[in-house]
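The values are calculated or read from the model by the stated rules, or taken from the named source; none is laboratory data. Quick caveat, the model's predicted, so the values are computed rather than measured. Neighbour counts run over all protein chains shown; Cβ positions are idealised from the backbone, glycine included. Each accessible area value is taken on the protein alone, full model and side chains, heavy atoms only, with ligands, DNA and RNA left out. Shrake-Rupley method; radii C 1.70, N 1.55, O 1.52, S 1.80 Å.
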Amino acid sequence: MQLNKHIGIVAPSFFIEKEQNFANGIKYLENMGAKITFSEHVFSKHFNTTTTAARRANDINMMFADKSIDVIMATDGGCRAIEVLEHLDYDLIANNPKPFCGFSDITHILLAINAKTGIHTIHGIDVLNCFGAPDTQQKELNIQHFCNVIEQCTNIPLPHGPMKKPSRKW
């Protein structure tokens, strides 16, 4: 399997607690052909997260602004991702659409980005808990499905603008 994409790695929730899983995940991605760029605060530690909410949001904003990044991926889930929502630049994100993926606590960010911009987000895979996990048949299947989704998402234009409310009356 190949994943010849430029992946921006962000840590909007937990700091990197499982360092070996993280190293394994990055190595796995690179072996698949991915080019990796780390956000400024990925390796920081601030209480049980990486840095302040504003700085974590800025890391995400900068990955969306970087035209060379194809996909943005969270390191891990955890807690405190909800703090970044008010600091995200949704106009910047809407004007630079690209897949953002993660799960667990990252769901707050995925849902906010989707609701406010209409951009598709991908719930279900990150660096530590998938790419960095021990090798199993299920891991390989998850990665295969992920690669298929990423290939589809990065080869078709993503919609711009917030989602429209249904016109149905209940």
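Some notes on this structure:
- The set of residues from segment 41-69 being open to solvent by less than 50 Å² (accessible area, probe 1.4 Å), in contact with a strand residue (DSSP E or B) (Cβ under 9 Å, 6 or more places away or on another chain), closer than 14 Å to V84 by Cα and of a type outside the set (S, T, Y) comprises H41, R56, D59, I60.
- Scanning segment 101-114 finds one or more residues that are assigned to a helix (DSSP H, G or I), modelled with pLDDT under 95, closer than 23 Å to C147 by Cα and out of contact with any Gly (no Cβ under 9 Å at 6 or more places or on another chain).
- In a residue-by-residue description of segment 128-144, the property of being under 21 Å from E83 (Cα atoms), in contact (Cβ under 8 Å) with a residue 12 or more places away in the chain and among the polar types (S, T, N, Q) applies to no position.
- Segment 84-98, subset in contact (Cβ under 8 Å) with a residue 60 or more places away in the chain and in a loop (DSSP other than H, G, I, E, B), residue surrounded by the fewest Cβ atoms within 10 Å (Cβ to Cβ): N95
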